[in-house]
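Peer 1: Can you read through this structure? Questions will come right after.
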Amino acid sequence: MKLVFSAEVKKHKEKGLPILALESTILAHGMPYPENYTFAKKAENICRMKKVAPAIIAILEGKVHVGLEEKNLKKVCQSTNILKASQRDISFIVAKKKDGATTVSATSWITYKSGVSVFATGGIGGVHKNSTNTFDVSQDITTLATNPIVVVSAGAKAILDLPKTIESLETHGVPVFGYKTFNLPSFYSRNSGIKIDRKVDNAKDIAKIYHEHKNLGIKSSLLIMNPVPKENEIPKKTINIVIQKAIDKSKALNIKGKELTPFLLKTIVKETGGKSLKTNVALAINNIELGTKIAHQISIRDKLTTIK
Ligand code: PSU
Ligand code: MN
């Protein structure tokens with residue numbers, strides 16, 4: 001597969017400097033314009049300030065981009081018909097020279113193929129509520145099972161069935177770590193009430209575990225669950241009412257498959273008068289900040305290993 005690296009990402013790759021992968025579905029299907037563009041610029045600037053190359057991943061005219069030049073970033077943020085691309089969609093989009101915004105699933109796979117180790121997102125997909133009837137389980141889970149990178153998220157999205165999502169991650173062999181917590185965060189809120197077996201307290205430890213993970217040849221991602229900052233969280237009680245309303249609406253309108261997640265997120269933004277969008281941006285930025293620290297620690301460790 002031919003990858004198109006931005007000048008910045010290329011330079012960091014050549015010099016063994018840190019790179020942080022970012023997804024584009026969150027921009028194209030998860031947030032409206034212009035908030036998505038403002039968020040993307042802020043995300044990139046944080047990376048640069050921390051001396052990490054930002055690598056937003058997207059497919060444009062059939063080419064897989066790792067790091068977007070300005071005009072391509074605008075295109076992703078403004079497009080109204082860009083496809084939502086999970087891993088299984090990549091070959092079709094490339095063959096047909098179409099545009100695709102990559103989900104956690106497609107982004108994880110491209111991140112790994114690019115030789116990049118860390119990817120920060122908002123919230124991962126997982127097992128949907130009512131999945132026993134619909135069988136709707138995100139491809140994010142199966143891709144997390146097969147790509148040895150570090151993924152930073154604010155937990156699975158609260159629109160999901162969280163206990164089933166955690167079980168499914170276990171079945172697929174994905175190690176889950178709470179960042180400074182044993183409580184599973186639920187995207188908009190810091191604590192879902194579900195326990196996580198393991199906690200990590202700093203980026204150095206994450207790099208250390210990842211190093212062994214790779215040495216052992218284990219194929220899954222390490223999934224870091226980083227709670228939304230306190231000042232930006234929406235209390236569970238408040239958001240759950242809104243989520244239920246959005247799910248009821250999706251059922252009434254018969255919205256299914258890959259349209260479901262974007263529909264729910266959009267409806268929740270409307271119902272909360274934009275508050276959930278602010279929270280979404282804040283938690284994603286918080287994950288990017290942690291992602292840059294992990295990227296630094298991994299590149300320090302990689303250099304030490306090479307010298308030895
Ligand atoms: N997290 C967000 N906003 C989003 C998503 C996650 O804050 O838009 C996207 C991610 O790209 C994730 C996808 O991979 O939703 C999951 O979609 P589905 O449930 O259809 O697999
Ligand atoms: Mn789905």
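Peer 1: Considering only region 283-294, I want to know if a residue exists there that is among the polar types (S, T, N, Q) and at positive phi. Full working, then the answer.
Peer 2: Taking region 283-294 first, the residues among the polar types (S, T, N, Q) are 286-287, 292.
Now restrict to residues that are at positive phi: none.
Checking region 283-294: not a single residue is among the polar types (S, T, N, Q) and at positive phi.
Peer 1: Can you list residue pairs whose Cβ atoms sit under 7 Å apart, with the first residue in region 257-274 being free of Cβ contacts under 8 Å to residues at least 60 places away in the same chain and the second being within 13 Å of ligand 1 (Cβ to nearest atom)? Count only pairs 6 or more apart in sequence or on different chains.
Peer 2: Filtered contacts from region 257-274: PHE263/SER250; PHE263/ILE255.
Peer 1: If we scan region 26-45, do we find a residue that is in contact (Cβ under 8 Å) with a residue 40 or more places away in the chain, of a type outside the set (Gly, Ala, Ser) and more than 29 Å from PRO227 (Cα to Cα)?
Peer 2: no
Peer 1: Report yes if ILE82 is more than 23 Å from ALA53 (Cβ to Cβ) and buried (at least 23 other Cβ atoms within 10 Å of the Cβ), otherwise no.
Peer 2: Values: more than 23 Å from ALA53 (Cβ to Cβ): yes; buried (at least 23 other Cβ atoms within 10 Å of the Cβ): yes.
It is true that ILE82 is more than 23 Å from ALA53 (Cβ to Cβ) and buried (at least 23 other Cβ atoms within 10 Å of the Cβ).
Peer 1: Just one of THR103, THR111 is touching a Phe, Trp or Tyr at 6+ places or on another chain (Cβ under 8 Å) and either small (Gly, Ala, Ser) or surrounded by 15 or more Cβ atoms within 10 Å (Cβ to Cβ) (or both); which is it? So that I can check it myself, show each step before the final result.
Peer 2: Numbers: THR103 fails: touching a Phe, Trp or Tyr at 6+ places or on another chain (Cβ under 8 Å).
When all the criteria are applied, what remains is THR111.
Peer 1: Give me the residue from region 144-179 that is within 14 Å of ligand 2 (Cβ to nearest atom) and either among the basic types (Lys, Arg) or under 12 Å from the mean Cα position of the chain (by Cα) (or both) and, out of that set, surrounded by the fewest Cβ atoms within 10 Å (Cβ to Cβ). Step through it out loud before you land on a result.
Peer 2: Step one: list which residues in region 144-179 are within 14 Å of ligand 2 (Cβ to nearest atom), which gives 156-157, 159-161, 164-165, 168.
Now narrow it down to the ones that are either among the basic types (Lys, Arg) or under 12 Å from the mean Cα position of the chain (by Cα) (or both): 156-157, 164.
Numbers: ALA156: 31, LYS157: 27, LYS164: 17.
It comes out as LYS164.
Peer 1: OK, next. For region 131-146, what are the residues that are part of a helix (DSSP H, G or I) and either within 11 Å of ligand 1 (Cβ to nearest atom) or in contact (Cβ under 8 Å) with a residue 24 or more places away in the chain (or both)?
Peer 2: Of the residues in region 131-146, the ones part of a helix (DSSP H, G or I) are 131-134, 139-144.
Answer for region 131-146, where residues must be part of a helix (DSSP H, G or I) and either within 11 Å of ligand 1 (Cβ to nearest atom) or in contact (Cβ under 8 Å) with a residue 24 or more places away in the chain (or both): SER131, THR134, GLN139, ASP140, ILE141, THR142, THR143, LEU144.
Peer 1: Could you please give the count of residues in region 236-263 that are within 30 Å of ARG88 (Cα to Cα), assigned to a helix (DSSP H, G or I) and among the aliphatic types (A, V, I, L, M)? Write out each step before concluding.
Peer 2: Going residue by residue through region 236-263, those that are within 30 Å of ARG88 (Cα to Cα) are 243-244, 246-263.
Narrowing the set further to residues that are assigned to a helix (DSSP H, G or I) leaves 243-244, 246-252, 257-263.
Narrowing further to those that are among the aliphatic types (A, V, I, L, M): 243, 246-247, 252, 260.
Residues that pass the stated criteria total 5.
Peer 1: Given the residues ILE224, ILE294, ILE288, ILE196, which is the only one that is in contact with a strand residue (DSSP E or B) (Cβ under 6 Å, 6 or more places away or on another chain), within 13 Å of ligand 1 (Cβ to nearest atom) and closer than 20 Å to GLY178 by Cα? Don't jump to the end; show me each part of the working.
Peer 2: Values: ILE224 fails: within 13 Å of ligand 1 (Cβ to nearest atom); ILE294 fails: within 13 Å of ligand 1 (Cβ to nearest atom); ILE196 fails: within 13 Å of ligand 1 (Cβ to nearest atom).
Going through ILE224, ILE294, ILE288, ILE196 in turn, the sole match is ILE288.
Peer 1: Also, quick follow-up: Name the residue that is surrounded by the most Cβ atoms within 10 Å (Cβ to Cβ), counting only residues in region 114-130 that are more than 9 Å from ligand 1 (Cβ to nearest atom) and at pLDDT 95 or above. It would help to see each step written out before you state the result.
Peer 2: Filtering region 114-130 for residues more than 9 Å from ligand 1 (Cβ to nearest atom) gives 114-120, 127, 129-130.
Still in the list and also at pLDDT 95 or above: 114-120, 127.
On the way: SER114: 21, GLY115: 10, VAL116: 25, SER117: 24, VAL118: 31, PHE119: 29, ALA120: 29, VAL127: 23.
Per the stated criteria, the residue is VAL118.
Peer 1: Collect the residues in region 31-61 that are farther than 28 Å from LYS15 by Cα and either of a type outside the set (Phe, Trp, Tyr) or at pLDDT below 95 (or both), keeping them in residue-number order.
Peer 2: MET31, PRO32, PRO34, GLU35, ASN36, THR38, GLU61
The rows are residues; the columns are (1) in contact (Cβ under 8 Å) with a residue 60 or more places away in the chain; (2) surrounded by fewer than 19 Cβ atoms within 10 Å (Cβ to Cβ); (3) of a type in the set (D, E, K, R).
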position	(1), (2), (3)
LYS245	no, yes, yes
ASN254	no, yes, no
ALA284	yes, no, no
ILE294	yes, no, no
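Peer 1: Which one is surrounded by the most Cβ atoms within 10 Å (Cβ to Cβ), of the residues in region 256-282 that are within 16 Å of ligand 2 (Cβ to nearest atom) and within 19 Å of PRO185 (Cβ to Cβ)?
Peer 2: Residue satisfying both the conditions and the ranking: THR261.
Peer 1: Tally time: how many residues in region 263-308 are closer than 30 Å to GLN244 by Cβ and over 14 Å from the mean Cα position of the chain (by Cα)?
Peer 2: Total meeting the criteria: 17.
Peer 1: Go through the residues of region 58-81 one by one and say whether even a single one is within 14 Å of the chain's Cα centre (by Cα) and in contact (Cβ under 8 Å) with a residue 12 or more places away in the chain. Walk me through it before giving the result.
Peer 2: Filtering region 58-81 down to residues within 14 Å of the chain's Cα centre (by Cα) leaves 58.
Applying the additional criterion that residues be in contact (Cβ under 8 Å) with a residue 12 or more places away in the chain yields 58.
Scanning region 58-81, I find at least one residue that is within 14 Å of the chain's Cα centre (by Cα) and in contact (Cβ under 8 Å) with a residue 12 or more places away in the chain, so the answer is yes.
The values are calculated or read from the model by the stated rules, or taken from the named source; none is laboratory data. Keep in mind that this is a model prediction, so the values were computed, not measured. For neighbour counting, all protein chains shown are included, and Cβ atoms are generated from backbone atoms with ideal geometry for every residue, glycine included.
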